[in-house]
Structure formats: structure tokens, C-alpha cells
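Beneath this line is the structure, given in C-alpha cells, with notes to follow.
FYI, it's all coordinate maths here, none of it is from the lab. All values derive from a computational prediction rather than experimental measurement. Note: ideal-geometry Cβ built from the backbone for every residue, glycine included; neighbour counts use all protein chains shown.
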Amino acid sequence: MHLPSPVAVAEIEDRLTAPLLSLEDVTKLYVNEGQSVSAVKQVSLAVAAGEFVALVGRSGCGKSTLLNLAGAMDFPTSGQVLLEGTSTSSLNDRQLTRLRRERVGFIFQSFQLLQTLSVIENVELPLLLAGVANARALAMERLAWVELDTYADRLPHQLSGGQMQRVAIARALVHAPRLLLADEPTGNLDTTTGDVVLELLRRVASEQKAAVVMATHSVEVTAIADLVVRMRDGEIAEMVRP
Amino acid sequence: MLRPMWREKTRLLLTVFAVALGVSVVLAIHLAGNAAAGSFQSSMETLAGDSDFEVTAAGGVPDNVVGVLAQLPYALRVSPRMEDHAMVVSTGHTVPLIGVDLVGESNDIQGKAAGPLAPDALEHLTDADSIWMPQASGHKLGDHLRLLINDHEREYTVRGLLPSSGMSVANRYILMDIAAAQIATAKRNRVDRILLKLPEHSGVGIDEWRTRLRAALPAGVEVNPQGSRTDANRRMLSAFRWNLQILSYVALVVGAFLIYNTISVSVVRRRHEIGIVRALGADRRLVLAAFLGEAICFGIAGSLLALPLGRLMAAGAVHLLAATVDALYVSSRPGSLALTWGSVALSFVVGIGVVIASALSPAREAASVSPVEAMARGQREYSAQVHRSRDLWIALVLAFAGVLASQPPAIAGKPLFGYLSALLLIAASAMAVPSLVYAVSRAAAPLLHKLLGVEALLASRSLTASLRRTAVLVGALSTAIAMMTSVGIMVGSFRQTVVTWMDSQLPADLYLSPAGDPAADRHPTISLELTDKIQKLPGVSGVDRFRAYEIVYQGMPAMLASADTKLSRYYRASGFLSHRSPEQVLGTLQAGNNAIVSEPFANKHHVKAGDTLSLALGAKVEPFKIADVFYDYGSERGTILLDRSVMLRYLPDPAASNLAVYLSPGADMEMVRQEIEKAASGYAVLVFSNRDLRSQAIRIFDQTFAITYALEAVAILVAIMGVAGSLMSIVIDRRREFGLLRFIGASMPQVRKLILVEAGIIGILSNVAGIILGVALSLVLIFVINKQSFGWTIQFHWPVAILLGGLTVVYVATVLAGLYPARIAQRLNPIEVVHEE
């Protein structure tokens, strides 16, 4: 039997104890008409599996940029983003695609469902893109989890806003991601429907042990989040554990 | 209006270029047609002057008629002319050979001469080897030139140069004395035409003059206003030019679909802007004007670009056209291409007209939207509604109307109802395309998903969702494919029919004709002594002497021909419309004044078996009964065929235009051929084997239709450009979707595959619709338009290899057209496009 070396064992231990998502001194600059604008400045943040983090702050304070950096859709100008210990900047396009297919889920304010596909097809789409065999069964499972399995064959425009967002959540979770990134998921919903969606996200963190990072204006979120990160002008102004 | 257009430069350029290509094809065919037609108009009218009448007769006017006219008690200017062709041996060019009475007109010639005459020019005026040439020919006084006239090659000396005309085509001729020309062309005692100038201020009307002149002349001699032959040629060519011009509009029709698509996309994209300007006080007319203005910009830019492009295409087309006109109609040499103000106006009228017509519907739709509705969010995607079942019903009604329109006869020789039928079928197809796209995309989506993966599912769903846009694209491409298919089937069927016809109509082993360029209206002859020599050669069992004359029958050029019908190996049973045996039909020809006519002749002059023709032959006018109508694909001019013995009774010139040589059983063809060539040394004749003649005929056939293939290629190119442009707009409109796909795990190759699969599905749908429409159009082309325009019976035939090849090329090109849009889709920044709302 082949035993791992002491160094390898240490690395495995580090990984197990390391946070799922780690932003280390991350800065993101954009160049606009020759002027460089910093969207995120020297941000450091660690999120563990099963943790629910709320990013709050005014529009333009850097919340969405931070989510994109966390989901490996964008890359820091300096510093590094580590997802399960791997720096996103070190991956090539194929590896990044694989990372998104397997470990990250996204939820958007405006749901972003494909209007030409049915509810079930929308949910199974990430699995189909990844070439997973039993996509339909897994998608039905997720749809049942958000209590919309009876709506499987409907088209998105036949659903209410809250239902659409629940479908979007099912889609984001269908491949059981380790990290769920939600950008203002309740922004287009009324309070009651928004609360249902928040409850679902909370359950994702607690039941499925996924790290949930959510950018929001919603005050209610601060009450259910494990960590509230208040941002101002691209920097973390305050971190509070309620 | 301009700023949004400018933002998408590639698409703007593609649209402008599509309009430009469509317009330039129309312009090119217009210019090339004028140049090719202009040449025959002037070739024989060279030096004709300002005469009032021309006197002609089948087989030539007896030269005593000149004396009769000169002795009339009127102050007429009588100018007899010989008109034939000669080939300049050194260059291989065939030019008109004109013989005039140089003695009678010597003062005029001296006055007209472009420079000093040769010192002995007048001395040698009537010499058999003296010729005069236009200064622009590049020849000098005293130059020696070898000319091939009929089957004889002789040397001639340039005695004088005549001033050049502004028209390059009028500068290609050879002038000689009429007597020398009679010898050279072996037309003794006959002249080809006599021009008459009436006395000025005679106080007698032109009709009265014609009556007087006719009364003084033998019955078979015709008196017509000068230029009648040019008019007759023009009438004969009109069907050919008309059909070609119609075909040139196909690319423009395809372009119209694309303009419609461009403006529709523009309307949808700027719906929000429309709402704002309407809310700020703009009325519906302003919105309508803005979108029509956008379309007109495309029209103006496209028309401007079409001017040099059309001129360039015309330069290529004119040679193809001239070759066709030469082979099928009348001797021609392309004239100069003149881009006149008229052509420029045509370009702009066509270009701007087509964009306004195609942009009107989407522009009106834009103007009809209320401000509140327009400013509502969620209208970014192209989601205009299509009334599929209503459109399908309309399609059925249009198709039925198309079938009905194919029934009436031609109007003034033009198959106007045939064109209407084709247009109605194209419109029916355009209306049926949304249903086809919807049905096929929906039904095929699961299969495509299974075969090509999730990208195919997304592609087919997206095409169904943007049904109107997809339908317009498929409509454009399928129209171009349908034209390719229909013309391919028509030409392929025609070709096969000609091949089958040649099998039955070319039974001889060897054929002889005078050397020189062949043309439908030139009938040089082979010397009688050579014919007699060949007939006596060992191994030769018989020689059929075919003789042809150019005549004008009821104002249209035609060929009057004779053959040794006793040989009876010509015209097998399948060769006659009645399907009677050749013995039955040809036997009647030998019996008396009976004739058989070709199918195009019967069609042009609305005659049938049993009718009587009135033929002017020599000095007489004789009635001939039509014994039957024979299939003939050799010339569109129309042929009247008599037995040789009957013809010789009226036109006693025994020389033959062509010989068909039959070998004795067991004779070695190569040896007989060598014997014939030996016997023909000193004569300029060409000897063809049966196979040579067939391949030459097929070469001429293919050359004739080369231009139609070129026109189709342009239409296909326009459609492919439209596919590329539309796919680009699809990518731009659906950028959020592509960005989202990247967020949820799609790789860049998957996004590219999605676009390429969409292009592929568009290609398949277009091919399906195009083939269905193409077969329907081919039936209209073969059995209505061709039949009414040219009178040919064509047997339907599937040119499978050509069609498969053509469709594959179009399909591959369609998929390749998706490459650039796919690249754009790959390069989209997912973060920007997903968050831009």
C-alpha cells in the first residue's frame, strides 16, 4: 500500500482546514478611457463551506466585482483568489470552464432564464453543457427541492418572478456546487417572495454545506447571514458576525 | 439614424454590399446586353448611309433588279450591296465584308477617305484583290491580308483607308467592289441588298413609294424601310434579352429579403428609442421616414458601389453574351460598354426602389407602435409575432394562383403570366417558410439534441423563438437556392434533351463545313467541285448537301434550308411532333411544294402541320404546305426545311453550306477522313467526326448557359452574405444569452458550436425549402417560360450530380458564414453582457 509522504499529508490537512473561498489582498483595476479606476481595493476575505456571507453596500461599491472575482469570471489585478486552495488566475480557459461546471453556481437579480427553454430544460442546462448523463433526473430532484416540480414543462414567461428565481436557484444548484454566488437575488421581488428566496439560500448553506456569498441591499439578509461584509468604495468597511 | 448603423460597421458593409451586388448584376446585364445587341445593329449597317428603303429576297436579289430600279422614272439613288463575312486569317477574327459599287461611288469614297489613297487606288478600284479598310483597323496602305471567304483563302491588298467611326464596333469591316465581292462570295448574278434613297421633296408619302416600288419588282423581292433587318434582329433577340434581364433581378430579390431583415432588426433594437422620440412629440410619419431613410442610405450606397462593380461584371458578361448571340441568333461582335446617364439612373432607381419596397413593411410597423408599448422593457430580443397558420393559408392561395397563372399563353411573345406564376410561387414559398421552420425545428430538436448535443437543442429553440427573423433568412437563402435548382434542372434537362436529339439527328459519320467562326446567321458555302469529288471517294456511300439561306419571314429572321431528304436517314420518328415515320413525312417533301418547320419556327409564327406558308423565293412568292413540325435545338431562329430538289427549282445555286458524309459498310473512317482531307487541300473546310460535332455542340450549349450560372452564383453570394450579417445580428441580440451560458458552464467551443449549428440548421431548412420551390419553378421555366419564349420542348430530367454539388457548396458556405459571428460570440465579455441591463 502506498502511503502519502509527510509533506503531502500536511498539504491535504491544509486543504481540509483551509476556507473554501479565500480572497487575499485582492485589487481590481479597470482602465476606462486611459484612466484607471479601482473597483475593488486590497480586499481580503475568507468564506468557509456552509457559511452564508452577505455583501452589503451602495450600488457601485464593488459587490458585483467581488462576486465575479470569486466565481472566476474575472481575475484580480493584484492579490489572489483561491477556490478550494487553487488560485483562479493560474487556470486556463478549459480549467476555468470545468471549475464553473463543478464548483460554482450563479444567481442573478433578473433571473436570467432562457426564454426558449422549458423550466426543466433551464435547470438541466448546466448538466447538459457538462455532458452529465442523468441530467433530467437530477434536474427534477432540484426542481422538487424548490417545490416547482409540477411546473417542469412550463416556459419561464408562464411563471411569477418568485417562481422564476426559484428555478434559477435550482439551476444554480443542479450540479451541487461548493460555492453559490448570488447577485441581488431578491432585487426584483416583493418582500414576501424575497423572503422565500432568502430562506432557500439559507437552506443551501445549512443543508448542503455550500458557501453562499450574496450581494444585496436587503436589510433582512443581515439577520440571517453568518457574516455581513459592508463595502464602501471598493474596500471592506466593516465585517460583522450577527 | 446613421449612428446606430455606424456602430455595426461589418453588418452595415455586408448589407450595402448585398444591395450593390444585386444592383450591379442588373446593371451588368443591361450594359452587356446593350453592347452585344448594339454590335449586330451596326455591323451590316456600316456605310449604309441614310437610305429610305432596302430591297431584299431570299437567296439574294437577282442583279437585274438593280437595272429595273435604275430605269424607273424617279430620281432614286440605287446602291446595291453584297453583305457577307470574311475571316482575317492572321487574327482569326471574322468581320463583315461589304461590297458596294465603287465605280459609281468613287467620288464619295475619295471624299470620305481618311487620308491619301494609294497612288494607284482608283486604278485598282475594281480589282478582285482590292479592299478598303477603316483607319482604326490599324492597317496601312499596301498591306497584304489573307482572307477566308466561304471555303477559299485568298490574298487581298489594302488600297485605301476610310475614316473611323466613334463606335468601335463600326470600325470592323472590309469594303470591296461589288463585282469583286460577288466573285469572292460565289454569289454570281445576285446582290444581298439594294438600298434606295428617295428623291427629296417628292410630295409622295412613304407608303405610296413602297407600293410603287413593289409594283415594279418581281413578286419574291421585298421592299422594306431601311433597318428592317435590324428591327427584326432586335425583335428576335428581345425574348433572350428579356429573360436574361429577368434572371438578373434574382439577386436583387434575394437582397430585398435581407434589407427587410436589416430594417426589421433595426426596428426591434431601437424600439425603446422609438418610444422616447414618440413621447417627446415625434409623429408616426417621422418614425416611418427615419426607417425608410435608413433603408435609402443602404440603397444609395449600394447603387453607388454598383456602378463600378456593374461595369466590371459587364466586361466579363459581354463576351459570354456575344458568344451566345453569335451561336444562336445573329453575327455579332461586342460593342463598347457605355455607362450612360441612363444606366446610372437605372442603378439608382433599382437600388433605391428595392430598398424602399422591402423596408416599407418594418418601417410601418415601427410607426404603428404606441410610445408606452415601445418604452416597455423586455423587448430586447427579436420576438415579433408571426401568424403561422394565417400565412400558411395565404401561401396555399398564392401557390394555387401561381398554378393558374402558368396556364395562359404569352402576351406579345413574352411569357408575362409565366413570370407572374414564378413570382407567385416565390411569394407562396416565403409565406410558407415560417410554418416549415417551426415544424421542422420543433420536430427535429430532440433528434438534433441527441446527434449534436445540447448546442443543437439551444440552436433549434432559438431559431424557433426568433421565427420571423429565421423565416426571412431562410426565405432569402431558399429563393437563391431555388433559382439555382430550377435553372440547374432546366439547363440539365435541356442539355439531356439536346444530347438525345443529337443521337437521333446526327446519323452521318463525317461532317464538313467551311472554315471560320460559326454563327447562326452565316451560311458560307462549300465549292460544288469539292462536294462532287468527295461523293466519288472510295468508302463514301452518300453525301447529304445541306444548304441554308437567311430569310425574313413575317418580320422575323429565319433560316430557309434544304437537304437531300431521299437519303432519309435524317429526322427519325422521334424527331417529329406528330411522331409520324420519316418515310411518311419526307416522302411528301419530295412530292411538291411541301415543307417541314422547326418547333421554334412553329411557335414564333403560330403555325402547325397542315398550315400554308407563303415563301418568297428568288423572284417568286410560292405557297408551301407544312407537312410536319420537327424538333430542333440547333438554333432559336426557326427553320423551314425543303427538299433539295424543290429548293433548286427556285434558288438554283447548287453549293452546299454543310455536307454530311455517310460511309460505306466496313469502310475505315480514319482512312476516308484522310482521303477527304486530301481532296480538300486548297479549300478551307473543316472535317468533323460525328463525335467532334456533338462535343462542339455541347461546348456551345455550355457556353450559352455559362452566364446563367454566373447570375445564380451572385444570388447565392448575396444570400450567404445575408446569412453572415444576420447571424452577426443574432449574436449581438442574444449576447446576454451567450454570456449567461458562459456563467453556467459553457465553454468557448460550445458557444462557437451553437452558432455554427444554427447556421447549419438555416442551411438545411433553406435547402429543403429551396429544393421544393426550385422544382416548382423549374416546371414553370421548362414548360411555360421557355416554351413561350423560345418554343423548345424540353424533356424533364434530374441533373442529380450538379444539384447535389451545388447544394453541398451552398450548405458548406452557409456554415462557414457562421464562423465570423461565432468568433464574435466567443469574444463577448460575459460579465458585461449579463450585467448590462
- line: Of the residues B:Ser130, A:His157, B:Ser766, the Cα lying farthest along the dipole of the protein assembly as shown towards its positive end, which is defined by charges on the beta carbon of Lys, Arg, Asp and Glu, belongs to A:His157
- request: Two decimals is fine: what is log10 I(q)/I(0) at q = 0.23 Å⁻¹ for segment B:383-435, from a Debye sum with one equal scatterer on every Cα and no solvent?
  value: -0.76
- prompt: Treating the beta-carbon of each Lys and Arg as +1 and of each Asp and Glu as -1, no other charges, what is the dipole magnitude of chain B about its Cα centre, to the nearest 20 debye?
  reply: 3580 debye
statement: Against the 2.2 N^0.38 Å rule of thumb, the C-alpha Rg of the protein assembly as shown sits at a ratio of 1.30
- prompt: Counting only complete DSSP H runs, which helices of chain B cover 30 Å or more along their long axis at the Cα atoms and score a mean Kyte-Doolittle of -1.0 or above?
  reply: B:9-43, B:284-328, B:341-368, B:416-452, B:467-505, B:690-733, B:748-780
query: According to a simple spin-label model (label point 7 Å from Cα along Cα-to-Cβ), what is the distance in nm between A:Glu199 and B:Glu208?
result: 11.3 nm
message: Need one number: nm distance between label points at A:Ser160 and B:Gln407, each 7 Å from Cα along Cα→Cβ, rounded to one decimal.
response: 6.2 nm
- prompt: To the nearest whole number, what is the average tally of beta carbon atoms from other chains within 10 Å of the beta carbons of peptide B:738-751?
  reply: 6
- prompt: Taking all pairs of different Cα atoms in segment B:559-707, averaging 1/r and flipping that mean, what Kirkwood radius in angstroms comes out?
  reply: 17.3 Å
- request: Tell me which residues come under 5 Å, amide H to amide H, from B:Phe576 once H is placed; ignore anything under 5 positions away on its chain.
  value: B:Tyr631
field: Simple spin-label estimate for B:Met671 and B:Arg580 in nanometres, 7 Å along Cα-Cβ
entry: 4.2 nm
task: Let me know the charge dipole size of segment B:724-805 about its Cα centre in debye, to the nearest 20, where only the beta-carbon of Lys, Arg (+1) and Asp, Glu (-1) is charged.
output: 260 debye
- request: Rounding to the nearest 20 debye, state how big the charge dipole of the protein assembly as shown is about its Cα centre with +1 on each Lys and Arg Cβ and -1 on each Asp and Glu Cβ.
  value: 1620 debye
message: Residues of segment B:727-747 with backbone nitrogen within less than 17 Å of a virtual label 7 Å along the Cα-to-Cβ line of A:Arg98, please, listed as ranges.
response: B:745-747
- request: Quick one: which residues, 5+ away or cross-chain, put their amide H under 5 Å from the amide H of B:Gly542? H built at 1.01 Å from N.
  value: B:Tyr662
- prompt: Per-residue ellipticity at 222 nm for the protein assembly as shown, helices alone: DSSP H runs ≥ 4 residues times -39500 (n - 2.57), over residue total, nearest 500 deg cm²/dmol?
  reply: -17500 deg cm²/dmol
task: Would you mind putting B:763-773, B:206-216 in packing order, based on average other-beta-carbon counts within 10 Å, highest first?
output: B:763-773, B:206-216
- prompt: What ranking, highest mean first, results for peptides B:173-182, B:815-824 when packing means the other Cβ atoms within 10 Å averaged over each residue?
  reply: B:173-182, B:815-824
- request: Straight distance only, please: which lysines reach the Cα of B:Lys604 with their own Cα at less than 18 Å, same-chain residues fewer than 8 apart left out?
  value: B:Lys414, B:Lys625, B:Lys787
- prompt: Pulled fully out, how much extra length does the chain show between B:Asp503 and B:Arg154, if you take 0.36 nm times their separation in residues and subtract their Cα-Cα distance?
  reply: 121.9 nm
field: Residue-span extension gain [B:Leu312 to B:Gln795] - 0.36 nm each, minus C-alpha spacing
entry: 170.2 nm
statement: The Cα extents of segment B:513-567 along the principal axes, largest first and rounded to whole Å, are 45, 28, 15
Protection-proxy order for peptides A:120-133, B:409-422, each taking the mean of Cβ atoms within 10 Å per residue, highest first: A:120-133, B:409-422
task: Return a whole-number percent for the relative contact order of chain B, with Cα pairs under 8 Å and 6 or more residues apart as the contact set.
output: 18 percent
- prompt: Within the P(r) computed for segment B:152-289, what percentage of the Cα pairs occupies the region above 26 Å?
  reply: 65 percent
Interchain or long-range residues, amide H under 5 Å from A:Gly105's placed H: A:Leu179, A:Leu180, A:Leu181
query: Rg (Å, one decimal) plus Dmax (Å, integer) for the alpha carbons of chain B?
result: 32.4, 103
query: With r defined as the distance between the Cβ atoms of B:Asn224 and B:Trp341 and R0 fixed at 35 Å, what FRET efficiency is calculated, to the nearest 0.05?
result: 0.60
field: Residues B:Asn690 and A:Ser90, FRET efficiency given R0 of 60 Å [Cβ-Cβ distance, rounded to 0.05]
entry: 0.15
- request: Work out the mean other chain Cβ neighbour count within 10 Å for the residues of A:94-104 and drop it here as an integer.
  value: 3
query: In percent, how large is the relative contact order of chain A, given Cα pairs closer than 8 Å and 6 or more residues apart?
result: 27 percent
